[in-house]
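The values are calculated or read from the model by the stated rules, or taken from the named source; none is laboratory data. The shown structure was predicted, so the numbers you read here are calculated from the model rather than taken from an experiment. Every residue, glycine among them, receives a Cβ derived from its backbone with ideal geometry; neighbour counts consider all protein chains shown.
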Amino acid sequence: MIRFVRQPLPAKLLYPEALFRIQGSGKRLGLTFDDGPDPSSTPLILDILAKNNIKATFFCTGENVTNNPGLFARIATEGHVVGNHGYYHHDGRLTPVRKYCANAFRGRDITCSNLFRPPYGRLRLRQFKIIERKAKIVFWDMMPYDFDLKLSPGKILSIMKRNLRPGSIIVLHDNSVSKAPLVLQEFIDFARRLGYEFITLSDNLAH
């Protein structure tokens, strides 16, 4: 199976209004986490971020927010930005337009966020056009596949180091199979040695 660390060019042409990278100049990065909150990985990730005084953006599913309200509250209380990842983790290409958009807006109602990341990074143009009327749609610039059971933490970290560039929006995951807690500290140390700073997507969109 072909995997793209960066979003392929057709996505940027189809969805020019979406956010793929941090806007503006400078060595700035956006750490984002999809799928949570999850009781096995989210607390570990939050501990690492707190230790390093970094704020990130968490794209949560409404279902997991409902099942883990305390963790969701911790994300917000510690100053991180919350994004919407749909109520359920629906694939836009496999889900009828009306059902997909209703799921996205239900997730928005739970997360109270106007940032939306499509699960799997896949949605049809018609779905995009409907959702973008009420939300800023966010993709990414780097996907290191931290959820892939076949990839070791060392391989995931190598992908992150090799593809790092100014403005990267990096998508990791806070779910039960994610290796993000195993690579996050070393990646933060590496990026900071190169002079990068970490910002939230709300910080970026506010300027």
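Scanning region 155-174 for residues that are touching a residue at least 60 places away in the same chain (Cβ under 8 Å) and not acidic (Asp, Glu) gives Ile159, Asn163, Leu164, Pro166, Gly167, Ser168, Ile169, Ile170, Val171, Leu172, His173. Among what's in region 89-148 and is within 22 Å of Pro10 (Cβ to Cβ) and basic (Lys, Arg), pick the residue that is nearest to the chain's Cα centre (by Cα). Taking the candidates together, the pick is Arg117. If the condition is being touching a strand residue (DSSP E or B) at 6+ places or on another chain (Cβ under 9 Å), among the polar types (S, T, N, Q) and either crowded, with 19+ Cβ neighbours inside 10 Å or closer than 24 Å to Asn64 by Cβ (or both), then region 143-197 contributes Ser168, Asn175, Ser178. The residue pairs whose first member lies in region 128-154 and is small (Gly, Ala, Ser), whose second member is at pLDDT 95 or above and part of a strand (DSSP E or B), and whose beta carbons are closer than 9 Å, counting only pairs six or more residues apart or on different chains, are Ala135/Asn84; Ala135/Leu115; Ala135/Phe116.
Within the bounds of region 96-105, is there any residue that is closer than 22 Å to Leu46 by Cα, surrounded by 17 or more Cβ atoms within 10 Å (Cβ to Cβ) and free of Cβ contacts under 8 Å to residues at least 40 places away in the same chain? If you could, list the steps in order and put the result at the bottom.
So in region 96-105, the residues closer than 22 Å to Leu46 by Cα come out as none.
Scanning region 96-105 turns up no residue that is closer than 22 Å to Leu46 by Cα, surrounded by 17 or more Cβ atoms within 10 Å (Cβ to Cβ) and free of Cβ contacts under 8 Å to residues at least 40 places away in the same chain.
Here Ile75 fits the description: among the β-branched types (Val, Ile, Thr) and under 19 Å from Ala135 (Cβ atoms). Residues considered: Ile22, Ile48, Ile54. Of these, the only one that is buried (at least 21 other Cβ atoms within 10 Å of the Cβ), touching a residue at least 12 places away in the same chain (Cβ under 8 Å) and under 17 Å from the mean Cα position of the chain (by Cα) is Ile22.
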